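> Handing you this structure, nothing more for now.
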Amino acid sequence: MSIVAIVGRPNVGKSTLFNRLVGMRQAIVDETSGVTRDRHYGSSEWNGRTFSVIDTGGYAVNTDDVFEEEIRKQVHLAIDEADVILFMVDVGTGITDFDQIIANILRRQKKPVIIAVNKVDTSDRMFDSHQFHALGMNGDLFCISSAQGHGTGDLMDKILELLPPAREEQQELHIPHIAIVGRPNVGKSSLTNALLGEERNIVTPVAGTTRDSIATRYNKYGHDFMLVDTAGLRKKGKVHEDLEFYSVMRAIRAIEYADVCVLMVDASVGIESQDMSIFNLIIRNKKGCVLVVNKWDAVVKDTHTMKAYTQLITKRIAPFTNLPVIFTSVTQKQRILDVLNAAAKVYENRKRKISTSKLNEAMLPEIENFPPPAIKGKFIKIKYIVQLPTPAPSFAFFCNLPQYVREDYKRFLENKLRSHFDFTGCPIQIFIRQK
């Protein structure tokens, strides 16, 4: 698929235009400059042609901000990837030093460049837009208002004209979505970068570096899925900025859309209450789960440390303990492929369908050996079991008196299902229905 990159200095409206082009509020927009930090991908469709759009962080130099150097790298990577570059400037401020620097970089590229003069809301401002010809770019100049949508249709027509001819593209199949979630600064972006083998997401020691949920297709070592890096989820009381509130909402939405969630925890800290909140969110949404204990290289270990740590985790996350626990060091690249293999296995388990005959063959003898306890002299008879056609494993047990089946017996049924069929990493729902 062809790629269009939106570049420009901070706060000229790149993310607003990006959201308009992809048709949804996918990138966070705020008046604070430097909100977008990573390259952010979306898909846009115009006149029957689909292409990818990259939103980049604002390009700035000579600042003390720890993120600026990383943002510059991300902008250069986006320019390298793109087929067409959309250079955004602000008519209200005119040509700035940053605009000149970006223009100098783009003039050296052998790629088509379009200048999008943003915030042209009135006819007076249209005259002011001609000053940007002084940047010496060969590309066309378009007056737009990314907030209002003025001029974006002509801009899209020009983008299509400059894109390389469309190749016959295969229709994209539904591929698994794996979301990497956890508290801030546990190594989520570092894991994504290590798996992809490139600096896809910005990594700094500052908690809360990632703000958007960044999705990238991963197709290596026999795996093919979307890998989603999310913002760290911290306690509501500690979310002070509006920006962070939006970031947390995006991370929660990423969990809702995911098939499998990789929950990362810090080995040196252990499982805290916030980790448990995220874990419960994954279980409530009936998503597959892989627990990754990162920074394992920083822990003083002996022969039994891993076993003791696993038991501690199992005790904490009970009753749902049937999930893979992997100890990694992302910086040392220890066991990171095990994370992928475990996530792929959990995905297979989550979509596993068992025939009614096999279910009854395995479960009815177990129920006969240990029937539900009688209540008020009434005996409960479970007649048969079926798997329901839901995305996550769900089973209906048909009996004569469903109202008398207790929660502890439902847990017994779940444990027996797990012992006969492999549902590692997947929450199971048990429904008791009237026969």
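> How many of the residues in the stretch 370-381 are in contact (Cβ under 8 Å) with a residue 40 or more places away in the chain and under 19 Å from Gln429 (Cβ atoms)?
Total satisfying the criteria: 0.
> What are the pairs, 6+ residues apart or on separate chains, where a residue within the stretch 163-182 that is within 19 Å of Ala82 (Cα to Cα) and open to solvent by less than 100 Å² (accessible area, probe 1.4 Å) has its Cβ under 9 Å from a residue that is modelled with pLDDT under 85 and among the charged types (D, E, K, R)?
Leu163/Arg49; Ala166/Arg49
> Another question about this same structure. Restricting to the stretch 373-392, give me the number of residues that are in contact with a Cys (Cβ under 8 Å, 6 or more places away or on another chain) and open to solvent by less than 50 Å² (accessible area, probe 1.4 Å). Steps first, answer last, please.
Quick first cut of the stretch 373-392, residues in contact with a Cys (Cβ under 8 Å, 6 or more places away or on another chain) only: 380-383, 392.
If we keep only those that are open to solvent by less than 50 Å² (accessible area, probe 1.4 Å) as well, we get 380, 382, 392.
The number of residues fulfilling the criteria is 3.
> Restricting attention to the stretch 347-364, report how many residues are surrounded by 18 or more Cβ atoms within 10 Å (Cβ to Cβ) and touching a Lys or Arg at 6+ places or on another chain (Cβ under 9 Å).
2
> Somewhere in the stretch 352-367, is a residue within 33 Å of the chain's Cα centre (by Cα), without any contact (Cβ under 8 Å) to a residue 60 or more places away in the chain and under 30 Å from Asn219 (Cβ atoms)?
Checked the stretch 352-367: at least one residue is within 33 Å of the chain's Cα centre (by Cα), without any contact (Cβ under 8 Å) to a residue 60 or more places away in the chain and under 30 Å from Asn219 (Cβ atoms).
> Of Gln148, Gln109, Gln131, which residue is without any contact (Cβ under 8 Å) to a residue 40 or more places away in the chain and touching a helix residue (DSSP H, G or I) at 6+ places or on another chain (Cβ under 8 Å)? Even if it seems obvious, please write down each step before you answer.
Details: Gln148 fails: touching a helix residue (DSSP H, G or I) at 6+ places or on another chain (Cβ under 8 Å); Gln131 fails: touching a helix residue (DSSP H, G or I) at 6+ places or on another chain (Cβ under 8 Å).
The conditions single out Gln109.
> Turning to a different aspect of this structure: Given the criterion at pLDDT below 90, under 39 Å from the mean Cα position of the chain (by Cα) and open to solvent by less than 30 Å² (accessible area, probe 1.4 Å), identify the matching residue among Phe395, Phe320. Walk me through how you get there before you give the answer.
Working: Phe395 fails: at pLDDT below 90.
Exactly one of Phe395, Phe320 is at pLDDT below 90, under 39 Å from the mean Cα position of the chain (by Cα) and open to solvent by less than 30 Å² (accessible area, probe 1.4 Å), namely Phe320.
> Let me ask you something else. Ile159 versus (1) open to solvent by 60 Å² or more (accessible area, probe 1.4 Å); (2) over 22 Å from Pro10 (Cβ atoms); (3) β-branched (Val, Ile, Thr): which is the lone unmet condition?
The one condition Ile159 does not meet is (1).
> Among the residues of the stretch 131-149, which ones are under 23 Å from Gln109 (Cα atoms) and surrounded by fewer than 15 Cβ atoms within 10 Å (Cβ to Cβ)?
Gln131, His133, Ala134, Gly136, Asn138
> Take the residues in the stretch 342-388 that are touching a strand residue (DSSP E or B) at 6+ places or on another chain (Cβ under 8 Å) and of a type in the set (Val, Ile, Thr), then tell me which one is nearest to Ile175 (Cα to Cα).
The qualifying residue nearest to Ile175 (Cα to Cα) is Val346.
> Name the residue that is farthest from Ala374 (Cα to Cα), counting only residues in the stretch 405-433 that are assigned to a loop (DSSP other than H, G, I, E, B) and aliphatic (A, V, I, L, M). Lay out the reasoning, then the answer.
Initially, the stretch 405-433 is screened for residues assigned to a loop (DSSP other than H, G, I, E, B), giving 405-406, 421-428.
If we keep only those that are aliphatic (A, V, I, L, M) as well, we get 405, 428.
Working: Val405: 9, Ile428: 25 Å.
Among them, the one singled out is Ile428.
> Is it the case that the stretch 293-306 has a residue that's open to solvent by 50 Å² or more (accessible area, probe 1.4 Å), in contact (Cβ under 8 Å) with a residue 60 or more places away in the chain, over 24 Å from Asn415 (Cβ atoms) and over 19 Å from the mean Cα position of the chain (by Cα)?
Within the stretch 293-306, one or more residues are open to solvent by 50 Å² or more (accessible area, probe 1.4 Å), in contact (Cβ under 8 Å) with a residue 60 or more places away in the chain, over 24 Å from Asn415 (Cβ atoms) and over 19 Å from the mean Cα position of the chain (by Cα).
> Could you identify the single residue in Ala392, Ala396, Ala362 that is closer than 17 Å to Phe423 by Cα and part of a strand (DSSP E or B)? Spell out how you get there, then give the answer.
Numbers: Ala392 fails: part of a strand (DSSP E or B); Ala362 fails: part of a strand (DSSP E or B).
From the options Ala392, Ala396, Ala362, the qualifying one is Ala396.
> Here is a follow-up. In the stretch 324-333, which residues are on the phi < 0 side of the Ramachandran plot and open to solvent by 70 Å² or more (accessible area, probe 1.4 Å)? Give the derivation first.
Of all residues in the stretch 324-333, those on the phi < 0 side of the Ramachandran plot come to 324-332.
Those that are on the phi < 0 side of the Ramachandran plot and open to solvent by 70 Å² or more (accessible area, probe 1.4 Å): Thr331, Gln332.
> Quick one: is Ile102 surrounded by 13 or more Cβ atoms within 10 Å (Cβ to Cβ) and under 25 Å from Pro165 (Cβ atoms)?
On the way: surrounded by 13 or more Cβ atoms within 10 Å (Cβ to Cβ): yes; under 25 Å from Pro165 (Cβ atoms): no.
Criteria not met by Ile102.
> Also: Conditions: (1) assigned to a helix (DSSP H, G or I); (2) without any contact (Cβ under 8 Å) to a residue 24 or more places away in the chain; (3) charged (D, E, K, R). Lys345 meets all but one. Number of the miss?
It is condition (2) that Lys345 fails.
The values are calculated or read from the model by the stated rules, or taken from the named source; none is laboratory data. In this text the structure is predicted, and so the values were computed from the model without any measurement. In this analysis, Cβ positions are derived from the backbone assuming ideal geometry, glycine residues included, and neighbour counts consider all displayed protein chains. The accessibility values were calculated without ligands, DNA or RNA, using every heavy atom of the protein model including side chains. Shrake-Rupley method; radii C 1.70, N 1.55, O 1.52, S 1.80 Å.
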